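Q: To start, I am sharing the structure in question, which I have written as structure tokens.
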Amino acid sequence: MTFACALSGDGSSQRRIVGAILTAAGIPAPAQTILSMGEATFGADSRRGWGPWEVTEAGVLLLGPSSAVAEQAERYRRTGRCGAGEGAFAAVLWDSRARRLVAERDMFGIVPLYRLDGPDSLLLSDDLPALARVCGSLSADPTWIAEYLSGLDTDPRATPYREIRKLPAGHALQVDLHPTHQAQERPVALPGRSLARPVAPGELPEALREALTRATTTRLGARTACMLSGGLDSGSLAVLAAEHRQPVTALSLVFPDRPEADESAYIAEVLRHGGFEPHLLETVGSCLDDIPALLAEQGQPINGFGQKGIGALYALARSLGMDSILDGHGGDEVVGTGQRHLHRLAQGLKLGALWRQAEGPARLAGRQRGDVVLEVLSNAAPRYRLRRAAAGLRGASGREDAWAWRALVSAELAQSTDLVARARQSAGAPARDDLDAHLDLLRVPATASAFEGHWRTARAHGIEARYPFYDREVVALCLGASEAQRLAGGLTRAPLRQAMEGRLPDKVRLRPDKTDFTAVAWAGLRASSPAATDRLRAAIAGPLSGFVDRETATAAVDRLRGEAPDPTAMRQVWRMGQLAEWLESLPRAAGAAAEREALSA
């Protein structure tokens, strides 16, 4: 069996690494097929802290900080596993004694690993666009398309390509070559109940502050910048970084032309803490004309609107000589918002406490507190009459169209892919307790999918994104907290707010809301060129035919003329624009064969 593994690094490194695997597997040099998965993006000096893959005497290859290679190799020798759920990594190992190849991905899926299985070959790469370019003729996966158009993400192995699959987060792939090659996937490091570390309520703020400080400072290198949005999560990391090393390069997006989305006042409050070298970047929302460049970077359509701004910050960091960046992504999921506590108050008919505690979740979601309370009562009140009365008080504004989520998907595609059944199955049984509910937030496929999009953007700009909130110790402490602790005082993520008291300015630490960037995204889409909009209209009857409901799709494009933001139309137009461009650009056999021949020359 032939293995080809190529990862971030220069082309010669990739060929050397692939050759090392094949040689270790006993494949004669003349018979080796070596595929390079595309050009390096980390630059010639990448070995100083991040990649390329390194080959140790034990045959261990790791994607991640090069300082971790020896540690991971030793762990594999001791335990037969490389990562044990710690750190951000994807790893491929060749065990010459057992004639076994093992690939493993970190617990949260921060680093992706894609696989392409052939009749007698296996290709692995962290680079989806490059892998797609060299693997021959490709076909679209209609199930993935149906889920993408409806906003679902249920299959941790799925990619838009039928032929390419992902190794799920926290899983290992084992291929034994003797006597015949057999490939098996198994979970090895999923976040589970044993990960939780409960501490006394009075001790949690200090313990969390110490853990987050360690997580931040250990990820803070000499050329590490910090993203600073003005929110609680990024502000906490920035302040902790500045207390450890000054000056810290702080990178922020600002929108002076959109006051409702501009965080400049909060950013300035954090900067007054001192110890920063600030860089403010003005940007605009994505438009349809940006899609070709986005797909070249991502290799697939994505859901979010923010990748353009994130990429601009990464590019700025690189231009300033940075090689990594601290990102506050995941604060909501890891620390937890405590909203399940509202249901417990409703179940106990503690209506006064429910009213007081609902303020934070309402402000966080940009909703009226009364509507949140009525929604909770309509779902969780112990008496049927009270649930019915709450639902009636919400009225028409509180009722949702049960089929609106899949309105963009054609009826034929929804039926052929069992879309509704997949949605119901993904909802699963209710969590048995607060800990299971919190773990579900960390384990859902969407968590890894978000990391994968960030990874591809960072890789394209030669930057390593680092996520202190996903440090194992930080996660363990947050999982050990109760829902009441997470919503103390009616403020979501209360343990983090308490931990940062006296360090993060109160204007940021105690702000109950988050900025809504819908207006920025809507303005960006409405700024699309007429030619791009016309191409999308034509695509509805062209490459999108059979995938989208024509009436819904046409109406969404028509609503772009409106001044007021329309979140539903915005999501539908953005997804359609990307999907149409991606379908048109699927690699075909002739082009891929030519590229493969050129790469192996």
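The values are calculated or read from the model by the stated rules, or taken from the named source; none is laboratory data. Fair warning: this is a prediction, and the values are worked out from it, not measured in the lab. Note: ideal-geometry Cβ built from the backbone for every residue, glycine included; neighbour counts use all protein chains shown. With ligands, DNA and RNA removed, areas are computed over all heavy atoms of the protein, side chains included. Shrake-Rupley method; radii C 1.70, N 1.55, O 1.52, S 1.80 Å.
Q: In the range 320-353, which residues are part of a loop (DSSP other than H, G, I, E, B) and either of a type in the set (Gly, Ala, Ser) or under 18 Å from residue 220 (Cα atoms) (or both)? Give the steps one after another, and end with the answer.
A: Initial filter on the range 320-353 (part of a loop (DSSP other than H, G, I, E, B)): 320-323, 327-330, 336-339, 348-350.
Of everything in the range 320-353, those that are part of a loop (DSSP other than H, G, I, E, B) and either of a type in the set (Gly, Ala, Ser) or under 18 Å from residue 220 (Cα atoms) (or both) turn out to be 320, 321, 322, 323, 327, 328, 329, 330, 336, 338, 348.
Every residue, every condition in (1) of a type in the set (Val, Ile, Thr); (2) in contact with a Phe, Trp or Tyr (Cβ under 6 Å, 6 or more places away or on another chain); (3) not assigned by the TED database to the domain that holds residue 540; (4) not in a helix (DSSP H, G or I), yes or no:
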{"residue": "413", "(1), (2), (3), (4)": "no, yes, yes, no"}
{"residue": "420", "(1), (2), (3), (4)": "yes, no, yes, no"}
{"residue": "430", "(1), (2), (3), (4)": "no, no, yes, yes"}
{"residue": "448", "(1), (2), (3), (4)": "no, no, yes, no"}
{"residue": "453", "(1), (2), (3), (4)": "no, no, yes, no"}
{"residue": "456", "(1), (2), (3), (4)": "no, no, yes, no"}
{"residue": "462", "(1), (2), (3), (4)": "no, yes, yes, yes"}
{"residue": "465", "(1), (2), (3), (4)": "no, no, yes, yes"}
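Q: Does residue 243 meet the test of being free of Cβ contacts under 8 Å to residues at least 24 places away in the same chain and assigned to a helix (DSSP H, G or I)? Before the answer, list the steps.
A: Numbers: free of Cβ contacts under 8 Å to residues at least 24 places away in the same chain: no; assigned to a helix (DSSP H, G or I): yes.
No, not satisfied.
Q: Follow-up. If residue 390 satisfies every condition in (1) without any contact (Cβ under 8 Å) to a residue 40 or more places away in the chain; (2) of a type in the set (A, V, I, L, M); (3) open to solvent by 20 Å² or more (accessible area, probe 1.4 Å) but one, which is the exception?
A: Against the list (1) without any contact (Cβ under 8 Å) to a residue 40 or more places away in the chain; (2) of a type in the set (A, V, I, L, M); (3) open to solvent by 20 Å² or more (accessible area, probe 1.4 Å), residue 390 comes up short only on (3).
Q: Anything in the range 499-511 that is in a helix (DSSP H, G or I) and surrounded by fewer than 20 Cβ atoms within 10 Å (Cβ to Cβ)? List them, or say none. I'd like the intermediate steps shown before the answer.
A: Initially, the range 499-511 is screened for residues in a helix (DSSP H, G or I), giving 499, 506-509.
Those that are in a helix (DSSP H, G or I) and surrounded by fewer than 20 Cβ atoms within 10 Å (Cβ to Cβ): 506, 507.
Q: Tally up the residues in the range 250-264 that are assigned to a strand (DSSP E or B) and either among the β-branched types (Val, Ile, Thr) or open to solvent by 30 Å² or more (accessible area, probe 1.4 Å) (or both), please. Spell out the reasoning first.
A: The initial filter retains those residues of the range 250-264 that are assigned to a strand (DSSP E or B), namely 250-254.
Subset that is either among the β-branched types (Val, Ile, Thr) or open to solvent by 30 Å² or more (accessible area, probe 1.4 Å) (or both): 253-254.
Matching residues across the range 250-264 total 2.
Q: Let me ask something else about it. Out of all the residues in the range 176-187, is one or more acidic (Asp, Glu), open to solvent by 20 Å² or more (accessible area, probe 1.4 Å) and not assigned by the TED database to the domain that holds residue 450? Let's see the steps before the verdict.
A: Step one: list which residues in the range 176-187 are acidic (Asp, Glu), which gives 176, 185.
Then keep just the ones that are open to solvent by 20 Å² or more (accessible area, probe 1.4 Å); that gives 176, 185.
Of the ones still in play, those that are also not assigned by the TED database to the domain that holds residue 450 are 176, 185.
Scanning the range 176-187 turns up at least one residue that is acidic (Asp, Glu), open to solvent by 20 Å² or more (accessible area, probe 1.4 Å) and not assigned by the TED database to the domain that holds residue 450.
Q: Criterion first (surrounded by 20 or more Cβ atoms within 10 Å (Cβ to Cβ), within 26 Å of the chain's Cα centre (by Cα) and touching a residue at least 40 places away in the same chain (Cβ under 8 Å)) does residue 584 satisfy it? If you could, list the steps in order and put the result at the bottom.
A: Values: surrounded by 20 or more Cβ atoms within 10 Å (Cβ to Cβ): no; within 26 Å of the chain's Cα centre (by Cα): yes; touching a residue at least 40 places away in the same chain (Cβ under 8 Å): yes.
Against the criterion (surrounded by 20 or more Cβ atoms within 10 Å (Cβ to Cβ), within 26 Å of the chain's Cα centre (by Cα) and touching a residue at least 40 places away in the same chain (Cβ under 8 Å)), residue 584 does not qualify.
Q: Quick one: in the range 298-323, which of the residues that are among the polar types (S, T, N, Q) and out of contact with any strand residue (DSSP E or B) (no Cβ under 9 Å at 6 or more places or on another chain) is most open to solvent (accessible area, probe 1.4 Å)? Can you show your working first?
A: If we filter the range 298-323 for residues that are among the polar types (S, T, N, Q), which is where we start, we get 298, 300, 303, 307, 319.
Imposing the further condition that a residue be out of contact with any strand residue (DSSP E or B) (no Cβ under 9 Å at 6 or more places or on another chain) reduces the set to 298, 303, 307, 319.
Numbers: 298: 0, 303: 71, 307: 23, 319: 88 Å².
Per the criteria, the residue is 319.
Q: Identify the single condition in (1) closer than 23 Å to residue 144 by Cβ; (2) open to solvent by 10 Å² or more (accessible area, probe 1.4 Å); (3) without any contact (Cβ under 8 Å) to a residue 60 or more places away in the chain; (4) in a helix (DSSP H, G or I) that residue 534 does not satisfy, given that it satisfies every other one.
A: With respect to (1) closer than 23 Å to residue 144 by Cβ; (2) open to solvent by 10 Å² or more (accessible area, probe 1.4 Å); (3) without any contact (Cβ under 8 Å) to a residue 60 or more places away in the chain; (4) in a helix (DSSP H, G or I), residue 534 is out only on (1).
Q: Here's a follow-up. Looking at the range 365-388, is at least one residue within 30 Å of residue 107 (Cβ to Cβ) and part of a helix (DSSP H, G or I)?
A: yes
Q: If I ask for residues that are in contact (Cβ under 8 Å) with a residue 24 or more places away in the chain and within 16 Å of the chain's Cα centre (by Cα), which ones from the range 137-157 would you list?
A: Restricting attention to the range 137-157, the residues satisfying the condition of being in contact (Cβ under 8 Å) with a residue 24 or more places away in the chain are 137-140, 142-143, 145-156.
Within the range 137-157, 148, 151, 152, 153, 154, 155, 156 qualify.
Q: Can you tell me which residue within the range 265-297, out of those that are open to solvent by less than 40 Å² (accessible area, probe 1.4 Å) and small (Gly, Ala, Ser), is nearest to residue 216 (Cα to Cα)?
A: The qualifying residue nearest to residue 216 (Cα to Cα) is 275.
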